[in-house]
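Working notes, structure below.
The values are calculated or read from the model by the stated rules, or taken from the named source; none is laboratory data. Note that this is a predicted model, so its numbers are computed, not measured. All Cβ positions, even for glycine, are placed from backbone atoms using ideal geometry, and neighbour counts span all protein chains on display. Each accessible area value is taken on the protein alone, full model and side chains, heavy atoms only, with ligands, DNA and RNA left out. Shrake-Rupley method; radii C 1.70, N 1.55, O 1.52, S 1.80 Å.
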Amino acid sequence: MSGIGITLRALHDGERDLEHDLLAAAERHRTEHEFHHVATDVARWSREHATRLARIGPGHGVELSGPRDHSSPGALAALREKAAEALGRRPGTGLLLLHDLRELHLAAVRNSLHWEMLAQAAQAARDQPLLDLVSACHPQTLRQMRWTNTMIKVLSPQLLTSV
């Protein structure tokens with residue numbers, strides 16, 4: 001497997017993990033409506049990225065699976081919703097939200113670095129399909145990073161001084 005193939009696999013795994021982590025955090029913080037909805041929305045980008053990476057992988061000698069299936073049984077979803085409501089807006093919940101935001105931000109940064117490496121390799125190899133993929137997906141990863149960073153900046157002062 002080539003260096004491009006290895007990087008494609010690492011990025012594919014990272015996008016799948018970020019999607020999963022965004023959706024899990026959205027469920028944990030269901031009562032934080034803005035966070036919940038935005039996290040769910042930006043998780044779709046990572047899902048799309050994983051799908052697109054899986055399509056281009058064979059051309060670089062790597063077989064990648066598609067996005068994960070996130071169907072959850074109704075009873076489990078209802079239980080998660082009730083748990084989120086019960087936790088509400090306790091101080092510990094705020095610290096958990098900051099922890100989740102930090103981890104999400106670091107995951108998006110890792111993905112961004114992989115996108116950047118792929119862009120450089122695509123330019124060097126004159127691989128236009130790969131460069132087109134990077135050009136389409138990397139800006140969304142950068143927006144995921146900016147969103148998590150902004151949320152950390154907005155929430156940190158109040159949450160860290162109130163504990």
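Residue-wise HN-Hα couplings along segment 39-44, as the Karplus relation 6.51 cos²θ - 1.76 cosθ + 1.60 with θ = phi - 60° gives them from phi, are 4, 5, 5, 6, 5, 4 Hz; Gly and Pro carry x.
Under the rule a/c < 1.5 gives rounded, and otherwise a/b versus b/c splits prolate from oblate, where does segment 2-62 land using the Cα gyration tensor? Because a/c hits 1.5 or more and a/b exceeds b/c, segment 2-62 counts as prolate. Solvent-accessible area of ARG47, all protein chains in place: 80 Å² (probe radius 1.4 Å, heavy atoms, ligands and nucleic acids excluded).
When the chain is fully extended, how far beyond the present Cα-Cα distance does LEU98 get from LEU113, taking 0.36 nm per residue of separation?
3.1 nm
Computed on protein heavy atoms with a 1.4 Å probe, the accessible areas place TRP115, TRP45 in the order TRP45, TRP115, largest first.
Surface listing: GLU34, GLU19, GLU48, GLU27 arranged by accessible area from highest to lowest gives GLU34, GLU48, GLU27, GLU19, probe 1.4 Å. With each label modelled as a point 7 angstrom along the Cα→C-beta vector, the GLU48-SER135 pair spans 1.7 nm. 3J(HN,Hα) along segment 99-109: 4, 4, 4, 4, 5, 5, 4, 5, 5, 5, 4 Hz, from the Karplus curve 6.51 cos²θ - 1.76 cosθ + 1.60 with θ = phi - 60°, whole Hz, x for Gly and Pro.
Available extension along the chain between LEU160 and GLU63 is 30.5 nm, counting 0.36 nm per residue and deducting the alpha carbon span.
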